[in-house]
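We did not get these values from a lab; they are worked out from the coordinates using the rules stated. Treat the numbers as computed from the prediction; the structure is a model and nothing was measured. Note that each Cβ is placed from the backbone with ideal geometry, even for glycine, and that neighbours are counted across all protein chains shown.
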């Protein structure tokens, strides 16, 4: 879906999420990257932002055809995991700059609050009590 591509490329900020190479500049401030599905669509993977990464053309081809593709996949997953911990837990694109109180209405302790990392826009949008 087009929005998946847009979100993934926005999250990547013009840098390959596998090797950190900044893609070539297409237009002022817009860099070329390709979207790679972590679990291929042909193998039942979903077209969602959690199943996609912005990668340079070289990494994209190597992830599909390279002799070292398994090692490269591990590197990509590690990079995505470390990036994930610094991103907003709601939109998963913008950096988390604040913490919001989130009320758990399910599980063994209903109505128990916890704090979740979020960007300011999502904190306001979700009408949560946010702390700076």
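Full extension of the chain between residue 70 and residue 13 yields a length gain of 18.0 nm, computed as 0.36 nm times the residue separation minus the alpha carbon distance. In this simple spin-label approximation, residue 41 and residue 61 carry label points 7 Å from Cα along the Cα→Cβ vector, and these lie 2.2 nm apart.
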